[in-house]
Amino acid sequence: MSSGDIITFGPYRLIPEERLLLRDGETVDLGSRVLDVLIALVESAGEVVSQRELIARAWPSVVVGDGSLRVTIASLRKALGDGEDGARYIANVTGRGYCFVAPVDRAPAQPPASASPPALPSSLSVPKHKLPPRLTRMVGRQGAVEALSTLLTSRRFVSVVGPGGMGKTTVAVSVAHAMLDPFGNAVFFVDLGAVTDAAVVANAVATAVGSSVQTHDPLPSLIAFLADRRVLLVLDNCEHVIDAAASLTERLYSDAPEVHILATSREALRANGEHVHLLAPLDHPNARDDLSAAEAMAAPAVQLFMERAIASGHAGALTDADAPTVAAICSRLDGIALAIELAGSRVGAYGLQGTAELLTNRFKLLWLGRRSAPPRHQTLAAMLDWSFNLLSDWERRVLRRLSVFVGEFTLEAAQAVAVDEQTDAIDVGEAISSLIDKSLVSVVPSGRSTP
């Protein structure tokens, strides 16, 4: 964004270069630090700005605590009328920072006389895409990326579904980068994990694509804006706002025929036009005593584990002697990428055998991952809490009772432990079906179920 731009949102016009905020042509009196925070948030509209970044922007040479920022955010919300008559501008993303969620429109303050005439409404002036960087090396998912790229071309609306930590976001980001050329850079990534209010899902999408919305309901304007434009929308982490995401995607699919949608979620959106792609665990070998290092390293799960192990300080390549141990670790972790990464990161401190022994300890759920990861991906416990907190009380009660099983179980066994005065056998069966949909219980080919 140029410092000379005029940014419009709702009834406001912000001119950063002049440090001026107008509402209906009248100056809005903001303190210097409140204005600094507003400019920082609007410059990154639709993206999470960390507390540290905001503090550095508003208090560049002063040491202050988070409390000062909270007071400033509260003052800014009050000045904007955030929350009044349905207006939403700033969202708090717990553990990460703040996000400006209202749609914004940018225009040069003084367009040059030689400027080209405006484009026709049917053509999309594509902003520079703001995709998250893709991994320099992605283990075991290239086939999924290629399959999804093909599906998106033919089916238009595809959801990548799988348990937490499986790698859905990694795959979606890679697909987004792969589709930049086919879509002429009109690929937009929307992290719905940063959205805490389902009512602003459409606002987040409108902000990402550059649609200017002046009403409290942005959906009609968004659909009109995208009606004949060929774009790819990537909606990441839909599960906690799934009803709103399903409603939005269904409308876009039916009313904007050139819009293609890639969604990620821990359960299917069950929306019209959706094609579900179940993201499978990473392949891992059986832990045989005679398993060689070469055989083990052919499996993506083992490759990922050893990469994280070496990065954590483990010296040397995998040996034939250690191959069965590593295969057993990957098998115990069900090929879940995040779990394998967290386990591999312990090897530098505990060694391969020590890490395998630690897997029997409940404290493995508290192993810390990357500091830059979203809070729900920093520990296995946080990953499970994110899914558990999205369940109904009825589903939680059944899942707690299923936790007595280690490994596979039958429906009859599940009913035996879960039926009570409040829940009959049919209810248990329906709860298990729902838990399967939410990627918390899986069905194995033999017909038996496993948590």
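So here's what we get for this one:
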{"item": "Residue in segment 21-37 that is closer than 14 Å to Ser75 by Cα, crowded, with 18+ Cβ neighbours inside 10 Å and within 26 Å of the chain's Cα centre (by Cα) present", "result": "yes"}
{"item": "Of residues in segment 49-71 being buried (at least 20 other Cβ atoms within 10 Å of the Cβ) and either in contact with a His (Cβ under 8 Å, 6 or more places away or on another chain) or in contact (Cβ under 8 Å) with a residue 40 or more places away in the chain (or both), the one farthest from Val104 (Cα to Cα)", "result": "Leu54"}
{"item": "Within segment 327-339, tally of residues that are over 19 Å from the mean Cα position of the chain (by Cα) and closer than 11 Å to Gly167 by Cα", "result": "1"}
{"item": "Filter result (in contact (Cβ under 8 Å) with a residue 40 or more places away in the chain and either farther than 22 Å from Ala208 by Cα or crowded, with 18+ Cβ neighbours inside 10 Å (or both)) within segment 9-20", "result": "Phe9, Gly10, Tyr12, Glu17"}
{"item": "Listing of helices (runs of 4 or more DSSP H) fully contained in segment 193-260 that carry 1 or more residues being farther than 28 Å from Gly164 by Cβ and not small (Gly, Ala, Ser)", "result": "219-226, 242-255"}
{"item": "Candidate set: segment 203-252, residues that are over 17 Å from Pro103 (Cα atoms) and of a type in the set (S, T, N, Q); chosen: the one surrounded by the fewest Cβ atoms within 10 Å (Cβ to Cβ)", "result": "Ser247"}
{"item": "Residue list for segment 140-188, filter: over 19 Å from the mean Cα position of the chain (by Cα), in a loop (DSSP other than H, G, I, E, B) and touching a residue at least 12 places away in the same chain (Cβ under 8 Å)", "result": "Gly140, Arg156, Leu180, Pro182, Phe183, Gly184, Asn185, Ala186"}
{"item": "Some residue of segment 399-416 being of a type in the set (A, V, I, L, M), at pLDDT 85 or above, farther than 28 Å from Leu279 by Cβ and in a helix (DSSP H, G or I)", "result": "yes"}
{"item": "Some residue of segment 66-73 being part of a helix (DSSP H, G or I), touching a Ser or Thr at 6+ places or on another chain (Cβ under 7 Å) and in the same structural domain as Val101 (by TED's automatic domain parsing)", "result": "no"}
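The values are calculated or read from the model by the stated rules, or taken from the named source; none is laboratory data. The structure displayed is predicted, hence computed values, not measured ones. Backbone-built Cβ (ideal geometry, glycine too); neighbour counts: all protein chains shown.
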